[in-house]
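To start, the structure itself, in structure tokens.
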Amino acid sequence: MFSSTIKISSVSDYIIPSQECIKPLMKNVKLQLDDPSIQLKPNLIKNQNNVAKVSLQDCLACSGCVTTAETILIQTQSLDEFLQAIKKHQNPAIGISPQSRASLSYVLNFTDSEMHSILHQLFQELNVKLYDMSEYVKIAINNSIQEFKQTKITPLLCSECPGWVCYAEKTLDESIINHMSKVKSPQQIFGAILKKNHDYIATIMPCYDKKLEAVRQENSEDINIVLSTREIEQYIKDYIQKSQITPQQIQLSTMAINFQEYHNISSNNYLDYIIQSTVMPNWTVKQNIRKNKDFIEITIYNEEMVLQSIYARVFGLKNIANLISQIKTKTCKYKYVEIMACPLGCLNGGGQIQIQKNTEKANDLIPKLKDIMISQKIQLETTQQNEQEMYLTQFKHIKNESNFQW
């Protein structure tokens, strides 16, 4: 269950859940179950000591509301559960996202490299192997480039963000869902690869919705638990204070690129690498801000300034709604769209550490976190291969709660 410190942040486009769950708390009622005319709803909400609780999987299987993960009581996705579980396994592993590490580095006043060395020592003492997830971001991007070059779907919509996926599956139909990329997220690729050598796999992510992604039926064997940046902050602070550790400088790699004005390193640069894979030398890339800085249009011209293609980066549910309207009315002109539910992208995820007393606004904080992500890193290159192993998933519209399984 989430700790009492986890609250809804001031996100303007938060989707309010339904006032009444469509799977209500059920009384003990005797029914004649051999009567085929009786449709018995499952008793999903458990009443224990006058406290109503619902499992995460059952809540997600219900189409009665759409909400972010902050409002769901998750009993098996906590730091305490992680600490207990690793004692029962021989070879546990944990991966940290670049966004989460940047948040920890900034708040705890270390360089990114120093922060990784602290985490390495902490988890080593717990007998847990720590991985930098940048390499798995690279695999996801390479898969996305290959999918983009092979697909006939326009626009192709990035599907790494589980908040956007949940929103799409519960509120949109197949006409939109069919546009979504089938490439697994870096988190799920990490789990799919690491489970061959580790018997328990965890991740540290900037977003509570990554917990939802991990318990999807097709993903449930890849990742055992997801911890948000905010959930482990105090544990790391306590470790640093009691251990008096001297952090080391560790060479890290990154997929973040920042040499063009249109690049946005907040959310793994999917769009940037898609564009790089198609742009020829001497072509021109122009950026146009639409309604706000979270809706960016990027236009590609050849050397004769003839229009070649248009792409977009769309962050925040309000902007996503505008994009969906364009697709439905067949006025969308984009070939590929990088979509994230959080305004400003993953560095501003709901699971990131909140700056105390609101002394620093997100618009001021995010550029500092971006600098941390790109400083003193080895730049990873995409692999331009015609054939490589693909890690794919699937999405579907939730028409009703009986035909959708998590």
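So which residues in the stretch 254-290 are of a type in the set (S, T, N, Q), at pLDDT 70 or above and within 24 Å of the chain's Cα centre (by Cα)?
Within the stretch 254-290, the subset of a type in the set (S, T, N, Q) is 254, 258, 260, 264, 266-269, 276-278, 282, 284, 287-288.
So of that shortlist, the ones also at pLDDT 70 or above come out as 266-269, 276-278, 282, 284, 287-288.
The answer is 266, 267, 268, 269, 276, 277.
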From the list 160, 174, which residue is crowded, with 24+ Cβ neighbours inside 10 Å and closer than 30 Å to residue 319 by Cα? 160
Scope the stretch 202-246; condition within 14 Å of residue 101 (Cα to Cα) and not in a helix (DSSP H, G or I); matching residues: 203, 204, 205, 206, 207, 227, 228
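Condition check ((1) within 19 Å of residue 340 (Cα to Cα); (2) small (Gly, Ala, Ser); (3) in a strand (DSSP E or B)) across all residues:
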site: 102; (1), (2), (3): yes, yes, no
site: 117; (1), (2), (3): no, yes, no
site: 122; (1), (2), (3): no, no, no
site: 131; (1), (2), (3): no, no, yes
site: 135; (1), (2), (3): no, no, no
site: 153; (1), (2), (3): no, no, no
site: 164; (1), (2), (3): yes, no, no
site: 170; (1), (2), (3): yes, no, no
Conditions (1) of a type in the set (S, T, N, Q); (2) closer than 25 Å to residue 363 by Cβ; (3) surrounded by 13 or more Cβ atoms within 10 Å (Cβ to Cβ): number failed by residue 292: (3)
Quick test for you: out of 387, 401, pick the one residue that is at pLDDT below 75, surrounded by fewer than 15 Cβ atoms within 10 Å (Cβ to Cβ) and charged (D, E, K, R). 387
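Here's the yes/no breakdown for (1) assigned to a loop (DSSP other than H, G, I, E, B); (2) of a type in the set (A, V, I, L, M, F, W, C):
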position	(1), (2)
285	no, yes
312	no, yes
321	no, yes
331	yes, no
338	no, no
Condition test on residue 245, is it of a type in the set (A, V, I, L, M, F, W, C), out of contact with any Gly (no Cβ under 6 Å at 6 or more places or on another chain) and modelled with pLDDT of 90 or more? no
Working only within the stretch 183-221, note down all residues that are surrounded by 24 or more Cβ atoms within 10 Å (Cβ to Cβ) and charged (D, E, K, R). 184, 209, 210, 211, 213
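The values are calculated or read from the model by the stated rules, or taken from the named source; none is laboratory data. Predicted, not measured: the structure shown is a model, and the values here were computed from it. Don't worry about glycine lacking a Cβ; one is built from the backbone with ideal geometry, like all the others, and counts go over all protein chains shown.
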